[in-house]
1. Do the conditions hold for Gly102, that is, is it part of a loop (DSSP other than H, G, I, E, B), loosely packed, with under 12 Cβ neighbours inside 10 Å, among the small types (Gly, Ala, Ser) and at pLDDT 90 or above?
2. Given the condition charged (D, E, K, R), assigned to a loop (DSSP other than H, G, I, E, B) and modelled with pLDDT under 85, answer yes or no: does some residue in the stretch 32-50 qualify?
3. Between residues in the stretch 21-44 that are over 25 Å from Leu97 (Cβ atoms) and residues that are basic (Lys, Arg), which pairs lie under 7 Å by C-beta distance while being six or more apart or on different chains?
4. Do any residues in the stretch 93-120 that are in contact (Cβ under 8 Å) with a residue 12 or more places away in the chain have Cβ atoms under 7 Å from those of residues that are open to solvent by less than 60 Å² (accessible area, probe 1.4 Å) and in a helix (DSSP H, G or I), where the two are at least six apart or on different chains, and which pairs are they?
5. With (1) in a helix (DSSP H, G or I); (2) modelled with pLDDT under 75; (3) open to solvent by 60 Å² or more (accessible area, probe 1.4 Å) as the list, and Val76 as the residue in question, which single condition is left unmet?
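The values are calculated or read from the model by the stated rules, or taken from the named source; none is laboratory data. Here the structure is a predicted model, which is why all the values come from computation and not from measurement. All Cβ positions, glycine included, derive from the backbone under ideal geometry; neighbour counts span all protein chains shown. We work out accessible area using only protein heavy atoms, side chains counted, and drop any ligands, DNA or RNA first. Shrake-Rupley method; radii C 1.70, N 1.55, O 1.52, S 1.80 Å.
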Amino acid sequence: HEFFYFRANSSVIEAVRRGKWKYRVGRTRWIKDKSPTGRAAREAAKTKVDDLKKELSGSVSKGGGRSKLRKDLHRVTQKYKRAGYKSVPVPCQLFNLETDIGEEHNLISNFPAIAKEMSERLLAFGKIIRAEARPAGHLAPADTGR
């Protein structure tokens, strides 16, 4: 059987599929905190980011002033991106896609051997990817055939 690997983004392998089985690694999900505290935190974060954007757009200073503001904006945006959200751990999951195409019923406790095999395959594939990765922006020399 062939294995298919799913990536959540450029660096994270999220799942592996073989035949009817799909194994998804455990992860953390961020969900909105709908409490008044969560809403207030989101509003405060949005205000802070908006203020820095205004400061950046009005800045014409030289000597690295704009560059510093841009770095500050990035730092603050990253810091406040999750303000008003809470993390929820999601365990590893195993699905039978023939009977559960919507991936709603986790069968990991019913089929631990299949989950273990797929987990090992996913880890091995991740090691191969990391070992063969090239630095960003660098290409291997072209083979000229000489």
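1. Numbers: part of a loop (DSSP other than H, G, I, E, B): yes; loosely packed, with under 12 Cβ neighbours inside 10 Å: yes; among the small types (Gly, Ala, Ser): yes; at pLDDT 90 or above: yes.
Yes.
2. Step one: list which residues in the stretch 32-50 are charged (D, E, K, R), which gives 32-34, 39, 42-43, 46, 48, 50.
Subset that is assigned to a loop (DSSP other than H, G, I, E, B): 33-34.
Next, from what is left, pick out any that are modelled with pLDDT under 85: 33-34.
The answer is yes; a qualifying residue exists.
3. Partner pairs satisfying both residue conditions: Trp30/Arg82; Ile31/Lys86; Asp33/Lys86; Gly38/Lys32.
4. As it stands, the answer is Leu94/Ile114; Leu94/Ala115; Ile108/Ala115, since those pairs meet every condition given.
5. Among (1) in a helix (DSSP H, G or I); (2) modelled with pLDDT under 75; (3) open to solvent by 60 Å² or more (accessible area, probe 1.4 Å), the lone unmet condition for Val76 is (3).
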